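Each remark here refers to the structure printed beneath this line.
The values are calculated or read from the model by the stated rules, or taken from the named source; none is laboratory data. A quick note: this is a predicted structure, and the numbers were derived from the prediction, not measured. Positions of Cβ are generated from backbone atoms using ideal geometry, with glycine treated the same way; all protein chains shown enter the neighbour counts.
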Amino acid sequence: METATPDASAPAAEATQQPAPEPTLEDVYKSAAADFQLAAPVAPVAPPQPAIAPSAPAAPIIPDPYDTEAHKAYLAQLAKGQTETQEALRQVAGFLTQQQQKEAKAALDADIKSAVDTVNEVVGHPKPKVIEAMLDAKAREDVRFKALFENRAKNPAAWSNALKAVSREIAADLSVKVDPALQASQRARKIAQQQMATTEAPKSETEEWESLSVEEQQAKMNRMLNQAMMG
């Protein structure tokens, strides 16, 4: 009995799957479109009324109005008590407001640092403040990116994908390098200017250069370029 051999020309049973491309910012915006819509205002809910009304406080004993001194003392004591109560309430309200502001700022700073660290894992910039400034500029010019940041707690997945997309954009922007030869020439010129500044009777750069022979000019340029590259 002969065994059937597989046909070599037959296509493979399963094609090699290509990894899905990373989502762009536009893809993230489309998937998080609901985050850009303002929520409808919620009508305030009236607090529940107590089943039994609290008993009224006992009425203060008012002195005889014909007793002038006693009546004045009573009014002064009443005004003092009201003032102290209001001051205590203001202090409590101020303390709570300061605590809330402090906690909100700490949370905001932590979220910004986390975003900068996430982007800099891709970019690898030596100064995180540069990344923070670029993210701030992105939020100022792109209201949708800002909306994703403001809704980061509501939709953390969208914010994470947005940071990945922005990381690639920033890395591309910062990948443009200065021409090394131009940079070396600029540094050599700066070194030459510094050296000329220390001379007792300095000549102008043009005069000093024109006073040299072609070989001396070439040798000086090589020295300056070498100093610039080593510096």
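Just the residues that are assigned to a helix (DSSP H, G or I) and surrounded by fewer than 18 Cβ atoms within 10 Å (Cβ to Cβ), please, taken from the range 150-163.
We begin by selecting, within the range 150-163, every residue assigned to a helix (DSSP H, G or I); these are 150, 156-163.
Within the range 150-163, GLU150, PRO156, ALA157, SER160 qualify.
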Subject >> Sole exception among (1) surrounded by 12 or more Cβ atoms within 10 Å (Cβ to Cβ); (2) out of contact with any Lys or Arg (no Cβ under 8 Å at 6 or more places or on another chain) for GLY124, by number >> reply: (1)
**OP:** Output the residue which, of all residues in the range 132-147 that are more than 12 Å from ALA115 (Cα to Cα) and in contact with a helix residue (DSSP H, G or I) (Cβ under 6 Å, 6 or more places away or on another chain), is surrounded by the most Cβ atoms within 10 Å (Cβ to Cβ).
**Re:** PHE145
Original post:
Within the set of pairs 6 or more residues apart or between chains, which connect a residue that is within 12 Å of VAL166 (Cβ to Cβ) inside the range 107-125 to a residue that is of a type in the set (Gly, Ala, Ser) and surrounded by 17 or more Cβ atoms within 10 Å (Cβ to Cβ) with Cβ atoms less than 8 Å apart?
Top reply: THR118/SER167; VAL119/SER167; VAL122/SER167; VAL123/SER167
**OP:** Taking GLU87 as the residue in question, decide whether it is assigned to a loop (DSSP other than H, G, I, E, B) and at pLDDT 55 or above.
**Re:** no
